[in-house]
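Since the structure comes first, as structure tokens, the remarks are kept for the end.
The values are calculated or read from the model by the stated rules, or taken from the named source; none is laboratory data. Model, not experiment: these values are computed from the prediction. Cβ coordinates were reconstructed from backbone atoms using ideal geometry, including for glycine residues, and neighbour counts include every protein chain displayed.
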Amino acid sequence: MNSARDLKEQDSFRLGNETLNSRLLLGTGRYPSIEVMLKCFERCRPAFVTVAMRRLPQNDHKNSDKKGSKNQSFFDMVSAYRCLPNTAGCWTAKDAVMTAQLAREALSTSWIKLEVIGDRETLLPDGEQLLLAARELIKDGFHVLPYCLDDVVLCRKLADMGCVAVMPLAAPIGSGLGIRNPHGLAMIRRYCQVPIIVDAGLGTASDVCLAMELGCDGVLVDSAIALARNPVMMAEAIAAAVTSGRRAYLAGRMPKRFSAQASTSFEGLITDT
Amino acid sequence: MVLKVNGARVHYHEKSSTVLAFLRWRGIDAERRGLAVAVDGVVVQRDDWHSTILRNGQTIEVVTPMAGG
């Protein structure tokens, strides 16, 4: 039987041309403080932490950050971890491409989590703009990880185009509703050859476990940890759920049955009925 | 010259300037990590900040990583 260490060594997570040491990606938004966020990162050792690109605030010019401390910028504080910039807040392919190019310059990385939002109320992604942006960014040498609907046709198009992974949502961003359409994710697993990282809407450890049990390759979690009553404890629970769910997927679950099947033999019963 | 910087009109006393000189005039530490600049929608690489000339009416974006999901 494989030990947890053997499994980790044998079950490597390949993304693009790299092998990652974790299947967990963490967001950096909505934490009660930078200190709590860093403690969560320390406990989980995520493969990536996501960051958004924003205009430098006027009051930030002196290299200080009121949320942080001791003249460190936000980036200084998170840069011990591998940052994955995103294009959050972009509404068009043009803006997303521009944001990705700025992120590449600022962070010296060609990896980008591509988001193109199509609706202000639901924050659901715009598939049409997403395809346009992904095509242009891949042509420009980016490693693209698109945040998308749990739509197998769209995911296949993104994969065929050359995206290094697809990032279907579990539920709307920040909703914590958990996986609304497990069968959709299972279909993406079956018909899509690139890694799947479930993004958005995961609310707690069991949601993460289910994503991994469905065969997804990783998860990106932000609000579920940041908004938990005890974020550090939730971070630990979610890291454990990633491992647990992955092991269960590899182990292969038993077939489901409509009705009961006794696990104890009836032979030798002391009753005659 | 008048520039549009991060969405706001800025009156800059110089008639001609480089990106680097402009950033310093704004009090931005040009050595700061995680900074990127675009002029009129085109990213200017850090190595070119000292040689890229700004002209009246241009649009400049100065961005940095922030918290996000």
Please enumerate the residues belonging to the stretch A:104-122 that are farther than 25 Å from A:Gly174 by Cβ and among the charged types (D, E, K, R). A:Arg104, A:Glu105
A:Gly245 fails exactly one of the following numbered conditions: (1) within 14 Å of chain B (Cβ to nearest Cβ); (2) free of Cβ contacts under 8 Å to residues at least 40 places away in the same chain. What is the number of that condition? (1)
Can you name the helices (runs of 4 or more DSSP H) wholly within the stretch A:158-273 that have at least 1 residues being surrounded by fewer than 20 Cβ atoms within 10 Å (Cβ to Cβ)? A:182-191, A:205-213, A:231-251
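Looking at the stretch A:96-118, which of its residues are among the polar types (S, T, N, Q) and either surrounded by 24 or more Cβ atoms within 10 Å (Cβ to Cβ) or touching a residue at least 12 places away in the same chain (Cβ under 8 Å) (or both)?
To start, the set of residues in the stretch A:96-118 that are among the polar types (S, T, N, Q) comprises A:99, A:101, A:108-110.
Within the stretch A:96-118, A:Thr99, A:Gln101, A:Thr109, A:Ser110 meet the criteria.
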Within the stretch A:109-117, is there a residue that is in contact with a strand residue (DSSP E or B) (Cβ under 9 Å, 6 or more places away or on another chain), modelled with pLDDT under 95 and among the hydroxyl-bearing types (Ser, Thr, Tyr)? no
Qualifying positions in the stretch A:121-136 - surrounded by fewer than 19 Cβ atoms within 10 Å (Cβ to Cβ) and in a loop (DSSP other than H, G, I, E, B): A:Glu121, A:Thr122, A:Leu123, A:Leu124
Quickly run through the stretch A:82-132 and pick out the residues that are more than 30 Å from B:Ala30 (Cβ to Cβ) and of a type in the set (Gly, Ala, Ser). A:Ala93, A:Gly118, A:Gly127
Output the residues belonging to the stretch B:1-18 that are of a type outside the set (Val, Ile, Thr) and either in a loop (DSSP other than H, G, I, E, B) or without any contact (Cβ under 8 Å) to a residue 24 or more places away in the chain (or both). B:Met1, B:Asn6, B:Gly7, B:Ala8, B:Arg9, B:His11, B:Tyr12, B:His13, B:Glu14, B:Lys15, B:Ser16
Of the conditions (1) over 30 Å from A:Leu38 (Cα atoms); (2) touching a residue at least 24 places away in the same chain (Cβ under 8 Å); (3) surrounded by 15 or more Cβ atoms within 10 Å (Cβ to Cβ), B:Val39 clears all except one; give me its number. (2)
In the stretch B:19-67, what count of residues is obtained for those that are outside any strand (DSSP E or B) and either within 10 Å of another protein chain (Cβ to nearest Cβ) or on the phi > 0 side of the Ramachandran plot (or both)? 15
Check whether at least one residue in the stretch A:200-217 is in contact with a strand residue (DSSP E or B) (Cβ under 7 Å, 6 or more places away or on another chain), within 13 Å of another protein chain (Cβ to nearest Cβ), farther than 15 Å from A:Thr243 by Cβ and of a type outside the set (Gly, Ala, Ser), and report yes or no. yes
Output yes when any residue across the stretch B:48-55 is under 20 Å from A:Ser110 (Cα atoms), surrounded by 13 or more Cβ atoms within 10 Å (Cβ to Cβ) and out of contact with any Pro (no Cβ under 7 Å at 6 or more places or on another chain), and no when none is. yes
Do we have any residue at all in the stretch A:199-209 that's touching a helix residue (DSSP H, G or I) at 6+ places or on another chain (Cβ under 7 Å), touching a residue at least 40 places away in the same chain (Cβ under 8 Å) and of a type outside the set (Lys, Arg)? no
Going through the stretch A:36-89 in order, the residues found to be buried (at least 21 other Cβ atoms within 10 Å of the Cβ), at pLDDT 95 or above and β-branched (Val, Ile, Thr) are A:Val49, A:Thr50, A:Val51, A:Thr87
